[in-house]
1. In terms of modelled amide H atoms, which long-range or inter-chain residues lie less than 5 Å from the amide H of B:A76?
2. Collect residues whose amide H, placed 1.01 Å from N in the peptide plane, falls under 5 Å from the amide H of A:C158; neighbours closer than 5 in sequence don't count.
3. If we count other beta carbons within 10 Å of each Cβ, what is the order of A:I132, A:I91, fewest first?
4. Let me confirm one metric for peptide B:185-195, namely the mean number of other chain beta-carbon atoms within 10 Å of its residues' beta-carbons.
5. Evaluate peptide A:78-91: per residue, the Cβ atoms of other protein chains within 10 Å of its Cβ; return the mean as an integer.
6. Take A:K297, A:K126, B:K200 and order them by how many other Cβ atoms sit within 10 Å, fewest up front.
7. Rounded to the nearest 20 debye, what is the charge dipole size of the range B:37-115 about its Cα centre when +1 sits on each Lys and Arg Cβ and -1 on each Asp and Glu Cβ?
8. Non-local amide H neighbours of A:G131 (under 5 Å, H modeled in plane, Pro and chain starts lacking H): which ones?
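What follows is calculated from the coordinates using simple rules that are stated; it is not laboratory data. Keep in mind it's a predicted model, so treat the numbers as computed, not measured. Reconstructed Cβ throughout: ideal geometry from the backbone, glycine too, with neighbour counts over all protein chains shown.
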Amino acid sequence: MKTNTLNLWFTRFLALAAVCTLVGCSLFNKVVESISAIEKAQLVDKYEPSEQYYLGRGVSAVILDRYPPIEIKNAQTERQVAYLNDMAGYIERASQSVTRSALRLGDHTERDHDQQQQVYDLALYKGVQVGILDTEDVAAHGTPGGFLWLSYGAIKMCESEDELAAVVAHEMSHIILDHGMANYRIAYKSEVRNSTLSDTWFSGSGAVSNFGRLCVTYAEDAFNGYNPEQEFESDNWGTRALTASGYDPNAMVAVLKRVEAYEKAHDVDPKDYLAHHPPITERIKTVQELIKSEGFKVNPASQKPEAVKARNDRFTAAFK
Amino acid sequence: MYRLLLLTAASAVCLLTGCAGSRGAYECEHRVKQSGSAHYRTYWEDGETVYVRISGEAPAAVLLDEPAPFADPVGALYFGQRLEVLDDSTTNYVLVSTTGIDEPASGWVWRPALQRFRLMASAGQTDRLETHGGEHAATILNEDGATFRAVSFTNPEREAYAERSENMRSALKRVDEFETGLAHAMGTRWRVERYREFGKAGGLLDE
């Protein structure tokens, strides 16, 4: 009897040890796998809003090293930043029902089911945060986590609030449609890239320096602009968002024509961000066809003279 | 010995089956409606516990009195807050109630602001680990069922490590200054009210 009891306890002990070993191995392997991923500075396949936000801060840091932001230190700059952020926040909310389906956005990009679900579930940890770059260059950069940087040059290129809204809607779509992450994965196989800047800023290896190098890699990718397919998709989503927000969808065409004029007036440097965009005439034509085929109508109330004046007055007060 | 081998084999089978079962349940819980874009959205069961996945500073971290983007705010939400789903029959919003030590309140919240797991900044006690998404992500569940990323960008310490670079430190300082200045410029009003006012003043939103 006593022997049987001992055998039973011994058996239970061994069984428990076997289970613990299996569970322990599983845990250990997963932790090692995760640590390995960060040491290689690869992006996870699925990430949380907070993760995107912290990555976005690092990417923004690199962007602000190249283009210093305006300092928000007086009534004028406060008004400018508040105006831009009210506009972006308004558009983001008003466009919550706008489709995020790659197929419905013109079928320019490919997403598998998980990626498409990721886009539909995408939320911004602190919302859209728009800052102004203190340069006359035409530049606009969206980062993961909701940072949107617009240059004075890009803002002043616009002649109305609706046109500025078109720029904001287009750039916001890069964030909401997860273009940065997708582009990074495709271009760099989700690994960090060595560059002069990353070597200068971060020496050594390991998870510590690799997080910083990842930010640099991503930011340098952002400087080059998104790929042509993503630009077409953003034009599509941006035009839909403008319509959903009550703005004139034709403002997207108008602002693209201003970019076209800018390109003709300036010798665009091959390294410049605009140089990586698809041909502007093709983009204009595609947006015009979209407006026609979808039957986007201008909101009559928003086109009343007093409404147009109210928008352009506040735009002028902020930036002209 | 035979009994031991049998028991060990049974344990292994149970473990594997259990893992498969829990993953199956996980996927079942993440059911998706099979029509149009709704196919890709995550839906919840009535009575299910969910958690807020965005910062309390986010404009979307708010309970609204109606399932509409510019509805009136009725309460604030914070990161990691536990909520109970009351109604998940609309497309973009979910009716939830707050639980725990706070005064119970209910309202509509934007769907992507919610998730099944509570994210934590640090590990604490762990007893289970599941893959979450792809091969490079892992989610650890502690004894309360709370979760966090094993190694990822969630932890602000990761950023602090990056600050060991003098260049990165000074550049991140600019981001800090921007966020501080922006918060001051936007004030403490509900953002949803600001946005609604912006739309109405520009003739973009109906009165």
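1. B:L63
2. none
3. Ranking A:I132, A:I91 by Cβ neighbours within 10 Å, fewest first, gives A:I132, A:I91.
4. Mean inter-chain Cβ contacts per residue within 10 Å come to 4.
5. 5
6. Sorted ascending by nearby Cβ count, the order is A:K297, B:K200, A:K126.
7. Dipole about the Cα centre, nearest 20: 360 debye.
8. Distant-sequence amide H within range of A:G131: A:L148, A:W149, A:L150.
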